[in-house]
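I have placed the structure first, in the form of structure tokens, so that the comments after it can refer back to it.
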Amino acid sequence: MVLIERLKEIDILLGSKSPRRKELLKSMDVDFTVEVRETDEYVDPTLSPHDAVRYIAETKLSAFAEESYWGNLVICADTVVVDGEGAVIGKPADAEEAIKVISGLMGKSHIVYTAVALAYQGRQIIFVEGTQVWFTTLTPEEIAYYVDKYQPMDKAGSYGIQEWIGRVSIEKIEGSYENVIGLPTARLYNELKKLFVEGI
């Protein structure tokens, strides 16, 4: 039995309200329902961005620790964008902040980390995938056009790589493209193989 057939036999919960993660998981031919639980996402400021995003994903997963979820495969995730100086870039408060953030990314590289936390019948796998992204330079008018049309205020880093800005300004990436969207699908599939096919 291949993994995707095995997954059809399991009730899968995606603990994320991100429409991008839902689209990516669906594109993997995975059937799932969405259930989101509010968690305290305070992170020790001394943690590195890599460790912080892992901690948040693990915290989200811990919200499904009740015995009633024992037979469910639970998938939780979190994504952060880190600039060249190592500072985490969150979601912008408004269009003005989005323009400022994108302007700061122009002509430079940054890293996108996505942490994924999985649980099934008492077993857990937590991993972090990193992708480096290089932007070319857009004019202030082009940046304003993107923010006005696409309203990226719900996105870490103030942009969506799958949108217009990704088509015209991403020079190259090193790592998983899907990871920048919010879910490293190839890595996720291989980790699920460990959980269901190979054992851990």
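The values are calculated or read from the model by the stated rules, or taken from the named source; none is laboratory data. Note that the structure is predicted; figures quoted are calculated from it, not measured. Counting neighbours? That spans all protein chains shown, and the Cβs are built from the backbone with ideal geometry, glycine included. Heads up: the accessible areas ignore ligands, DNA and RNA and are worked out on the full protein's heavy atoms, side chains in. Shrake-Rupley method; radii C 1.70, N 1.55, O 1.52, S 1.80 Å.
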In region 146-161, the residues that are crowded, with 19+ Cβ neighbours inside 10 Å and among the aliphatic types (A, V, I, L, M): V147, A156, I161
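Quick grid of which residues meet (1) at pLDDT 95 or above; (2) of a type in the set (F, W, Y); (3) open to solvent by 40 Å² or more (accessible area, probe 1.4 Å):
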{"residue": "A57", "(1), (2), (3)": "yes, no, no"}
{"residue": "N72", "(1), (2), (3)": "yes, no, no"}
{"residue": "I102", "(1), (2), (3)": "yes, no, no"}
{"residue": "Y113", "(1), (2), (3)": "yes, yes, yes"}
{"residue": "Y120", "(1), (2), (3)": "yes, yes, no"}
Positions within region 7-45 being open to solvent by 100 Å² or more (accessible area, probe 1.4 Å) and part of a helix (DSSP H, G or I), in sequence order: E23, K26
Test: residue in region 47-60 that is among the basic types (K, R) and closer than 19 Å to Q132 by Cβ: yes
Residues that are of a type outside the set (S, T, N, Q), over 17 Å from K17 (Cβ atoms) and not in a helix (DSSP H, G or I), drawn from region 46-71: L47, A65, E66, W70, G71
Some residue of region 136-145 being at pLDDT below 95 and open to solvent by less than 30 Å² (accessible area, probe 1.4 Å): no
Any hit, region 72-90, residues being assigned to a loop (DSSP other than H, G, I, E, B) and under 19 Å from V36 (Cα atoms): yes
Answer from G107, G84, G90 - the residue that is open to solvent by 10 Å² or more (accessible area, probe 1.4 Å) and under 28 Å from F64 (Cβ atoms): G90
Qualifying positions in region 167-200 - farther than 25 Å from R6 by Cβ and either part of a loop (DSSP other than H, G, I, E, B) or open to solvent by less than 10 Å² (accessible area, probe 1.4 Å) (or both): S169, G175
Residue match in region 57-79 (condition: closer than 21 Å to V180 by Cα, acidic (D, E) and either in contact with a Lys or Arg (Cβ under 7 Å, 6 or more places away or on another chain) or free of Cβ contacts under 8 Å to residues at least 40 places away in the same chain (or both)): yes
Conditions (1) surrounded by 18 or more Cβ atoms within 10 Å (Cβ to Cβ); (2) among the small types (G, A, S); (3) not in a helix (DSSP H, G or I); number of the one not met by A98: (3)
Selection from region 122-132 of residues that are open to solvent by 10 Å² or more (accessible area, probe 1.4 Å) and closer than 17 Å to A156 by Cβ: V128, E129, G130, Q132
